[in-house]
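J.: Mind looking over this structure? Questions follow.
The values are calculated or read from the model by the stated rules, or taken from the named source; none is laboratory data. Everything quoted here is computed from the prediction, not taken from an experiment. Note: ideal-geometry Cβ built from the backbone for every residue, glycine included; neighbour counts use all protein chains shown.
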Amino acid sequence: MNTKTNKTSVLTSLACALLLGTLPSLAEPTATEAICPVCRVHDGETETEPVVASETHAGGTYGFCSLDCRDKFLKAPATYVTPVFPRPAPAFVAQDLDGAEFSSEELAGRVVLLDFWATWCPPCVADLPELSNLHARYKEAGVSIVSLSIDEGDDAARKVARMIKKRKATHPVILDSADQPAWAAYSVGAVPAQFLIDATGNIVAQWTGKTDLKQVEAEIVRLVESGDG
């Protein structure tokens, strides 16, 4: 899995937060073992590990297997804290590969799997064909699979279009906004990152890192069959 480190706006805001003292301060470890939240996101870790350091954030306490993991948490806590479901999905405006505006309002009333990805992320690229298959299987049931590229630069659209053609992806693919990026609104600190949004506009599930798309599909089916979609 790949972690974005070249986002100037995030680094700037984090630097300001550190200067203002708004990020959580260090706390003494409160448990001897825990599932490291950073390893959970980046490596899919599900086993407890010895706690080397801990942090409190938003009323929760998180134990880390290393000081490096603690420091990664401090830079972007929202990426690693336990998500709350359901919660409202942030609205966003992006653009399609032809440069036309694409608004999240176009997805209103549908179940949406919003997939944040990049051409430089191998797991993201590997998922594209199966995401297209999911879109084809469930679009008639009111489901949209949308991949939102976080690629930057004047040649972003060209790079994305080339990758889409190479991977034979047929589901909707759009480009994130440089001015008001959706990845920031969704607190995406690493890709791939996927958010399942119900027809009422609430995030009901999410995944970060290399994900078993069969699990994602099962959640889509559950949502559609329950009538909540």
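J.: Residues to consider are 215, 194, 180; find the one that is within 25 Å of residue 83 (Cβ to Cβ) and in a loop (DSSP other than H, G, I, E, B).
T.: 180
J.: Could I ask something else about it? Among the numbered conditions (1) among the small types (Gly, Ala, Ser); (2) surrounded by fewer than 20 Cβ atoms within 10 Å (Cβ to Cβ); (3) at pLDDT below 95, tell me where residue 190 comes up short.
T.: Condition (2) is where residue 190 drops out.
J.: Determine whether residue 221 is touching an Asp or Glu at 6+ places or on another chain (Cβ under 6 Å), among the aliphatic types (A, V, I, L, M) and over 17 Å from residue 125 (Cβ atoms).
T.: no
J.: Here's a check for you: in region 78-119, which residue that is in contact with a strand residue (DSSP E or B) (Cβ under 8 Å, 6 or more places away or on another chain) and of a type in the set (Val, Ile, Thr) is farthest from residue 217 (Cα to Cα)?
T.: My answer is 93.
J.: Looking at 117, 183 in this structure, which one is in contact with a helix residue (DSSP H, G or I) (Cβ under 6 Å, 6 or more places away or on another chain) and in contact (Cβ under 8 Å) with a residue 12 or more places away in the chain?
T.: Exactly one of 117, 183 is in contact with a helix residue (DSSP H, G or I) (Cβ under 6 Å, 6 or more places away or on another chain) and in contact (Cβ under 8 Å) with a residue 12 or more places away in the chain, namely 117.
J.: Filter region 193-229 down to residues that are within 19 Å of the chain's Cα centre (by Cα) and among the acidic types (Asp, Glu), then give me how many there are.
T.: 4
J.: Of everything in region 208-227, what is free of Cβ contacts under 8 Å to residues at least 12 places away in the same chain and closer than 25 Å to residue 78 by Cα? Give them in sequence order.
T.: Listed by number, the residues that qualify are 212, 215.
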